[in-house]
1. Sort largest first and round to whole Å: the equivalent ellipsoid semi-axes of the chain, each the square root of five times a Cα gyration tensor eigenvalue.
2. Let me understand the range 158-305 better: what is its radius of gyration from the alpha carbons, and its Dmax, in angstrom?
3. Would you calculate a helix-derived [θ] at 222 nm for the chain, using -39,500 (n - 2.57) for each DSSP H run of n ≥ 4 and dividing by the full residue count, to the nearest 500?
4. How many percent of all Cα-Cα pairs in the range 104-228 sit more than 26 Å apart?
5. Any chance you could look up the accessible area of Tyr198 with a 1.4 Å probe, heavy atoms only, rounded to 10 Å²?
6. Give me the one-decimal nm value for the distance between modelled label points at Glu436 and Leu277, 7 Å along each residue's Cα-to-Cβ direction.
7. In the range 352-368, which residues have a backbone nitrogen under 16 Å from the label point lying 7 Å from Gln18's Cα in the Cα-to-Cβ direction?
8. State, to one decimal in nm, how far the label point of Glu353 lies from the label point of Asn184, with both points 7 Å from Cα in the Cβ direction.
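The values are calculated or read from the model by the stated rules, or taken from the named source; none is laboratory data. The shown structure was predicted, so the numbers you read here are calculated from the model rather than taken from an experiment. When we count neighbours, we look across all protein chains shown, and the Cβ atoms used for this are built from the backbone with ideal geometry, even at glycine. These area figures cover heavy atoms from the full protein model, side chains too; ligands, DNA and RNA do not enter into them. Shrake-Rupley method; radii C 1.70, N 1.55, O 1.52, S 1.80 Å.
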Amino acid sequence: MTGKTLLIVNANIVNEGQITQGDVLVRDGHIERVGFGFTGQQADRIIDARGRHLLPGMIDDQVHFREPGLTHKGDIATESSAAVAGGITSFMDMPNSIPNTTSRTALADKYLAAAGRARANFAFYLGGANDNIDEIRAVRPEQTCGVKVFMGASTGNMLVDDPVTLERIFADCPVLIATHCEDNAVIRANEQRLRAQYGDDVPVAAHPLIRSAEACYQSSSLAVSLARRHDARLHVLHLTTARELELFTPGPVQGKRITAEACVHHLYLDDSRYEDLGNLIKCNPAVKTAADRAALVAALREDRIDVVATDHAPHPLREKEQSYLRAPAGLPLAQHALPLALEHYHDAALSLETVVRKTSHAVADLFGIRDRGYVREGYWADLVLVDLNHGEEVRGDDLLYKVAWSPFEGMRFRSRVVLTLVNGVVAWEDGALTGEVPGRRLECHAAR
Ligand code: DOR
């Protein structure tokens, strides 16, 4: 056989519930062999990974890379650069760009725009709207990773609040439905109450009281009941509360009709951090209590929550520096995606194998992603080498986001992403981008 080869030797390979010391031979973008004792072999490049862990790259099923139309906040090139630095090798991008991705034409334009500019592999969601049921009905699984439905208003005015439309979407959507669940009526009533108390100076600590646990529960329970009634394939995004967890069942992702996601910031932060981080951590749904956070981590352990994502949602600092009510919701997260997830390993709250399952295996299974998400012979070589013993401080100068800030500046994570391989090509190594842009379109099959 010919082709460019890369040999990784002496790695602690974390894969499919096991950690084994071994070697991986990559040829022409794919994993050719996984085994032991390849040290004497020839290869175009040999990497000695002794002391480091080799993981299948993170597949992030929720990012906002802001293209088209919001490219002052981020674009596919900048944000995918941050992604590979954070151990993300594939991403699925949300439809609240401008124009909203609510037609198959807009969807096709996004794939065109990403070709040759993404450092990680990509897929795009079609957005649900109150008036695009025909587009939803016509979309095919090979065109999208799913239909995103904002059942709560957030950045981008994409709220789907018409009950008849929701019924139709759940009845007829031919692909997976991914929902943002927060009930708008509950949010509005809470906001009115706090405005009555504080006027325009509502403190950011009130964010989880406005975007409350009740708002989450009302909406996610509606989504689950709609999905059950219509036997739809539902994936509820970014759970933030203990109470919602009763809506989901523990167990392996295979065969589940209703699945759930949690995000790295909701798993890492709690409401005590509004005091020091303020609007920087304002996001929708809101960061909630320490008890909620602990319940989310426990739900990952019992496989009640299936996957971990970022919901990377950058906004310029000057916008975040406005008053709480004016500041946009969302924060940049991609560059520290795996180090954030791995904090739970260092806390002995999640095993390494579980972190890998939630960030990679289960995402590939859930979205029917072809030949990715595992360290398996014949699969694409989307691999990440991490150092669990030498972490690093988050420094402003190192940030690759277009918005160039992070809520974690000055903090230290206990793991570091040493090398990221996308389709067998090194995209990130020893703290720097390599200049390679190897991202390809993902082949998903998240059919109904
Ligand atoms: O905090 C958020 N920001 N939540 C969302 O649902 C949207 C996102 C954004 O696009 O800014």
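1. 34, 24, 20
2. 16.0, 49
3. -7500 deg cm²/dmol
4. Everything past 26 Å amounts to 34 percent.
5. 100 Å²
6. Each label point is offset 7 Å from its Cα along the Cβ direction, giving 3.2 nm.
7. Label zone hits: 353-354, 357.
8. With each label point 7 Å from Cα toward Cβ, the separation is 4.6 nm.
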